[in-house]
1. Can you name the residue in the range 11-31 that is open to solvent by 80 Å² or more (accessible area, probe 1.4 Å) and of a type in the set (F, W, Y) and, of all such residues, is nearest to A69 (Cα to Cα)?
2. Find the residue count for the range 62-89, including only residues that are under 13 Å from the mean Cα position of the chain (by Cα) and open to solvent by less than 40 Å² (accessible area, probe 1.4 Å).
3. Is it the case that the range 78-89 has a residue that's over 14 Å from R121 (Cα atoms) and modelled with pLDDT under 95?
4. Does at least one position in the range 33-44 carry a residue that is closer than 21 Å to R124 by Cβ and modelled with pLDDT of 95 or more?
5. All but one of (1) touching a residue at least 40 places away in the same chain (Cβ under 8 Å); (2) touching a strand residue (DSSP E or B) at 6+ places or on another chain (Cβ under 9 Å); (3) more than 22 Å from A95 (Cβ to Cβ) hold for S35; which doesn't?
6. If you scan the range 90-108, which residues turn out to be open to solvent by 30 Å² or more (accessible area, probe 1.4 Å), within 13 Å of the chain's Cα centre (by Cα) and hydrophobic (A, V, I, L, M, F, W, C)?
7. Check off (1) hydrophobic (A, V, I, L, M, F, W, C); (2) assigned to a loop (DSSP other than H, G, I, E, B); (3) surrounded by 12 or more Cβ atoms within 10 Å (Cβ to Cβ) for C34 and give me the number that stays unchecked.
8. How do the pairs read when you match residues in the range 1-29 that are under 26 Å from Q45 (Cβ atoms) and part of a loop (DSSP other than H, G, I, E, B) with residues anywhere that are at pLDDT 70 or above and open to solvent by less than 100 Å² (accessible area, probe 1.4 Å), using Cβ under 8 Å and keeping only pairs 6 or more apart or on different chains?
Amino acid sequence: GRVVRDGSGRFARIVEAKRLRPYFYGDFYPLTPCSVDPAAWLAYQLLLPGTQEGAVMAFRRSESPMVAASLQLHGLDPDGRYEIEDADSGEIRRAMGRDLMGAGLGITAEIPRSSRLLFYRLVRREA
């Protein structure tokens, strides 16, 4: 079919949603307590354990004074090197599974009532 790009960002959101969709069939890990507190962050991790890839979604609520969070991921290969892609900026960073599960994945959301989406995948396993 014909693709219409109207400059609103809707097309990009549809592409993003289609990329995210398969991860909902894998493992789900809450990364923050479940709360409706408008000052709390909400974050969760999706993981396809067989391929060691997934996504992290983080939401900074309207009254949260925190601009950054460190989220400890789950189910990763501690000896694996992961590539983490910021869906908004396209920035790519790399980290070891043990570091992502220990010190955590740092996420920044400068604006209240905003969200962050990061995709990650195992690049290689190190001995």
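1. In this case the residue turns out to be F28.
2. Total meeting the criteria: 8.
3. Quick first cut of the range 78-89, residues over 14 Å from R121 (Cα atoms) only: 88-89.
Then keep just the ones that are modelled with pLDDT under 95; that gives 88-89.
Yes.
4. no
5. In the conditions (1) touching a residue at least 40 places away in the same chain (Cβ under 8 Å); (2) touching a strand residue (DSSP E or B) at 6+ places or on another chain (Cβ under 9 Å); (3) more than 22 Å from A95 (Cβ to Cβ), S35 misses (1) alone.
6. Matches in the range 90-108: I92 only.
7. (3)
8. From the range 1-29, the pairs are G26/L46; G26/L47; G26/L48; G26/P49; G26/G54.
The values are calculated or read from the model by the stated rules, or taken from the named source; none is laboratory data. Remember, predicted model here, so these are calculated numbers, not experimental data. Because the Cβ atoms are built from the backbone with ideal geometry, glycine has one as well, and the counts that use them run over all protein chains shown. What goes into the accessible areas is simple: the full protein's heavy atoms, side chains included, and nothing from ligands, DNA or RNA. Shrake-Rupley method; radii C 1.70, N 1.55, O 1.52, S 1.80 Å.
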